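Peer 1: Next up is a structure, given as structure tokens.
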């Protein structure tokens with residue numbers, strides 16, 4: 001099992017597709033386009049933040065259970081990132097610390113109850129796609145989701161800035177499995193075939209080291 005990590009616009013979904021095709025694996029994607037809570041969260045994060053986390057938790061557990069039935073799987077978001085995102089919302093006053101603590105406890109309990117805790121805590125590889133804030137903002141603007149745009153909500157700039165910085169710390173602290181960081185500024189694996197081959201070669205090498 002391989003899990004992807006990274007900020008909004010880092011290219012997790014694209015790399016998941018590329019990697020699944022490269023390895024002949026099943027791909028599992030975060031629900032965004034059909035997520036009924038996400039637009040509401042951007043309108044009123046204090047009201048809908050906890051509900052959004054519960055929605056994501058439910059969908060991620062479904063993915064984990066489905067992925068474990070496959071010989072190989074690539075998941076475009078790690079369940080452990082949710083704590084980072086929700087804690088940031090609390091620190092910015094968009095959620096309460098009580099809600100964050102309840103969510104963390106719920107994650108631990110649900111993983112234990114579904115008997116998938118150990119499998120999720122030790123994926124074969126976590127891949128962090130790191131991009132600069134400038135690249136992140138450019139890609140958010142390019143993909144055009146209205147509720148993500150800074151020009152419609154200037155307060156999002158502070159959120160994106162803090163989010164990007166915390167992902168660096170997330171990767172530095174992550175010790176649940178082998179990990180690999182991809183430089184998403186240097187390697188535009190979506191548009192550049194040479195960069196794509198280099199990134200896939202880095203991942204192949206990281207996977208080979210685990211055998």
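Peer 1: For the stretch 127-155, which positions are more than 25 Å from residue 18 (Cβ to Cβ) and in contact (Cβ under 8 Å) with a residue 24 or more places away in the chain? Please lay out each step first, then the result.
Peer 2: Residues of the stretch 127-155 that are more than 25 Å from residue 18 (Cβ to Cβ), as a first pass: 146-147, 149-155.
Selection gives 147, 153.
Peer 1: What do you reckon, is residue 63 within 25 Å of residue 161 (Cβ to Cβ) and out of contact with any helix residue (DSSP H, G or I) (no Cβ under 7 Å at 6 or more places or on another chain)?
Peer 2: So residue 63 fails the test.
Peer 1: With the condition being within 24 Å of residue 106 (Cα to Cα) and under 13 Å from the mean Cα position of the chain (by Cα), I'd like the helices (runs of 4 or more DSSP H) fully within the stretch 7-72 carrying at least 3 qualifying residues.
Peer 2: By residue number, 45-67.
Peer 1: Follow-up question, since we're still on this one. Check the stretch 73-85 and report whether any residue there is touching a strand residue (DSSP E or B) at 6+ places or on another chain (Cβ under 6 Å), surrounded by 17 or more Cβ atoms within 10 Å (Cβ to Cβ) and in a helix (DSSP H, G or I). Even if it seems obvious, please write down each step before you answer.
Peer 2: In the first step, residues of the stretch 73-85 are kept if they are touching a strand residue (DSSP E or B) at 6+ places or on another chain (Cβ under 6 Å); the result is 73-76, 78, 81.
Filter once more, so that each one left must be surrounded by 17 or more Cβ atoms within 10 Å (Cβ to Cβ): 73-76, 78, 81.
Checking the rest, the ones that are also in a helix (DSSP H, G or I) come to 81.
There is at least one residue in the stretch 73-85 that is touching a strand residue (DSSP E or B) at 6+ places or on another chain (Cβ under 6 Å), surrounded by 17 or more Cβ atoms within 10 Å (Cβ to Cβ) and in a helix (DSSP H, G or I).
Peer 1: Looking only at residues that are in contact with a strand residue (DSSP E or B) (Cβ under 7 Å, 6 or more places away or on another chain) and at pLDDT 95 or above in the stretch 6-18, which one is nearest to residue 80 (Cα to Cα)? Show your work before the answer.
Peer 2: In the first step, residues of the stretch 6-18 are kept if they are in contact with a strand residue (DSSP E or B) (Cβ under 7 Å, 6 or more places away or on another chain); the result is 6, 10-12, 15-17.
Among the residues that remain, those that are also at pLDDT 95 or above are: 15-17.
Numbers: 15: 19, 16: 17, 17: 21 Å.
Out of the qualifying residues, it is 16.
Peer 1: Inspect all residues belonging to the stretch 40-57 and state whether any of them is within 21 Å of residue 180 (Cβ to Cβ) and touching a residue at least 60 places away in the same chain (Cβ under 8 Å).
Peer 2: no
Peer 1: Now, a different point. Anything in the stretch 140-168 that is under 30 Å from residue 205 (Cα atoms) and either modelled with pLDDT under 90 or buried (at least 19 other Cβ atoms within 10 Å of the Cβ) (or both)? List them, or say none.
Peer 2: If the condition is that a residue be under 30 Å from residue 205 (Cα atoms) and either modelled with pLDDT under 90 or buried (at least 19 other Cβ atoms within 10 Å of the Cβ) (or both), then 163, 164, 167 are the ones that fit.
Peer 1: If residue 60 meets every condition in (1) farther than 30 Å from residue 195 by Cα; (2) without any contact (Cβ under 8 Å) to a residue 40 or more places away in the chain apart from one, which number is that one?
Peer 2: Condition (1) is where residue 60 drops out.
Peer 1: Going through the stretch 176-187 one residue at a time, which ones are crowded, with 17+ Cβ neighbours inside 10 Å and without any contact (Cβ under 8 Å) to a residue 24 or more places away in the chain?
Peer 2: Hit for the stretch 176-187 is 187, nothing else.
The values are calculated or read from the model by the stated rules, or taken from the named source; none is laboratory data. If you're wondering where the values come from, they're calculated on a predicted model, not measured in any experiment. Virtual Cβ from ideal backbone geometry, glycine too; neighbours counted across all protein chains shown.
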